[in-house]
Every structure is written in C-alpha cells, then in structure tokens.
1. If the convex hull of the alpha-carbon atoms of the chain is projected onto planes in all directions, what is the mean projected area in square nanometres?
2. Please compute the Cα-Cα pair-distance distribution of the stretch 123-272 with 5 Å bins starting at 0, giving whole percents from short to long.
3. Mind checking which of 176, 157, 255 is farthest towards the positive end of the chain's charge dipole, using Cβ charges of +1 (Lys, Arg) and -1 (Asp, Glu) about the Cα centre?
4. Expressed as a fraction of 2.2 N^0.38 Å, the rule-of-thumb size for a compact globular protein of N residues, what is the C-alpha radius of gyration of the stretch 141-196?
5. In what order do 24, 153 fall by count of nearby beta-carbon atoms within 10 Å, going from fewest to most?
6. Using modelled amide H (1.01 Å from N, peptide plane; none on Pro or chain starts), what sits under 5 Å from the amide H of residue 33, excluding residues fewer than 5 places away?
7. How big is the antiparallel share of DSSP beta bridges in the chain, given as a percent to the nearest 5?
8. Report the relative contact order of the stretch 92-237, percent, no decimals, based on alpha-carbon pairs under 8 angstrom and at least 6 residues apart.
Amino acid sequence: MPVQVQDHKITVNDLETYYQTAGDPSKPTILFMHGWGAHKNNVCNKGKERVISELAQHFYVVGLELPGLVRAAPPSEVWDMEEYARFVHAFLASLEIEPQFIMGQSFGGGIASTYASLYSENTPGLILVDASQTDRPNNFYYRLRFKWKPIFDAMVGTKYVPLFVKKAMMSSWLGTPWSHVQSHEAAAKYIVMTDIETTMKVKTDYKTLKMPVLMIWGSDDTKVTPLERAKEIHAEIPQSKLAIIDGGGHLALYTHTDQAVSEIVEWENNLE
C-alpha cells in the first residue's frame, strides 16, 4: 500500500528549497536525490514521488529537490559537484538529521558519491542508481547534451519566445512544473543550469570510498551512464555490490521501482 508523501519548503543558503518526506522516522533514514529532468509526480516515467513512497514502506525517506531542478531555485552562479554536495550537507544540517544512507540517481548519484567522498563520516552507506560517473569515455549520445545549450539559452533568455514554450522546455529538461514559473524574468534565472550541465565533473576517487556501496543499474543503460562503466567502478569500490535490473534503462529506478527497492531492502538486511 502506498505511503503518503509530505511536501515541505525551506530556505537553505538563501535558496528556496523543496523536499518531501515519507515513512516512519524510527526506521533507517535515506536521503534520496533525483536526476536531471525528474518530476515531482509521474511525468514521462520520471516521477520521484512514487520512488519515495515505495522506499517509505521500509525506510524513513527525505527526498531533496536539487537546486535548479524540479521546483528548487537555481544557484545564482555555476556550481560544480562539490558545491552541490556542500549544499546537501547544509540542507541536512538545517533539518538536524543524519541519514544512514545517501542515495542518488543519475545527476543525484554524482552528487551522492561526491558527498560520500567529502563527508565520509556522515555517510554510513551509499546507494548509486545509474549514477553520473567520473571522467570516463563519453559516447556520442551523452555528448549531445552540449548541443542543447545554445538553443535553451537563446530561447529562455529572450522575451520574444512565448512563456508557454519556455515552460515546456523547462518541464522536459529540468522537471520544472508548468505552474512554477510565472514570468520571463523567472525563467531566465535557469540559464545557469546549461553551464552547470555542460561543465559538471564527478571527481570522486572510488577506491577511497570505505562505506558499503550498493550500485543499481539498468541492463539497457548503454547511452547515458553505461553499464560497462558501472562495472569498472564496482571493481574499484572495496565494499560494493552491483545489482542489475533486467530490461531497465537509465530510468530503471522509475520504471522498475519495485525491483530497485527490493534490491535496496535485501542489501540493507545483509548489512545487519
């Protein structure tokens, strides 16, 4: 039975920040960070609320909306992965919680591994799901994201493109709800996100991660965060398990949520 998800809004480091909670606070806590383009609810198989609800049957879940994505305000300047990780640390400090598990999918996974590297003492366990990876060979599909930047910048930065067109672009790419952006000026603040996407680097040295790490990957994730790269990373992390979801692609967490959650529960049980 789905667990009810509660919506929250706070200010962290002067940024309007949204997050969701669900589950029993007496259970182990998971901080969940979504990927690029995820939506609050189920849109194009990218709805994070179902993931939070399913996880909450076994854990207490805090689902953070990352700055510049979904409803969260964007940074005023270009951030790298370390700055996102430090923001996450400030967010957790503001809530006065210490999660047992830091979990991230795609872009959120890159931030999660960076957080674990910077704050290993605050990361008892790490869960990476089709996560952004360190500087490894990028295929043609992944490099296409650089082609999107000038189009987005030009269309969102001008007042001559109708606002509804900008909303459609931002919904598809950033997961921003249509109702969230009400002016051309508000939309223009998100131009910084193209610089973040095209310059972001995961610098984690996976060999230094000493905590238990669960890696969940879709068997068909061959374009965005290829499974072959995940196998390389798995070999580098001392205490890691790689669980492969048959038939799942880069969005396996959203399309095969039950399987992903089952892998997490089984792994967590074996840690005890």
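1. Result: a mean projected hull area of 13.3 nm².
2. 2, 8, 16, 16, 15, 14, 12, 9, 6, 2, 1, 0
3. Selected residue: 157.
4. 1.07
5. By the 10 Å Cβ count, ascending: 24, 153.
6. 103, 104, 105
7. Antiparallel bridges: around 30 percent, rounded to the nearest 5.
8. Relative contact order here is 30 percent.
Computed from the coordinates by the stated procedures, all read-outs in this text should not be read as laboratory data. Only a predicted model underlies this, so the values are computations on that prediction, with no experimental measurement involved. In this analysis, Cβ positions are derived from the backbone assuming ideal geometry, glycine residues included, and neighbour counts consider all displayed protein chains.
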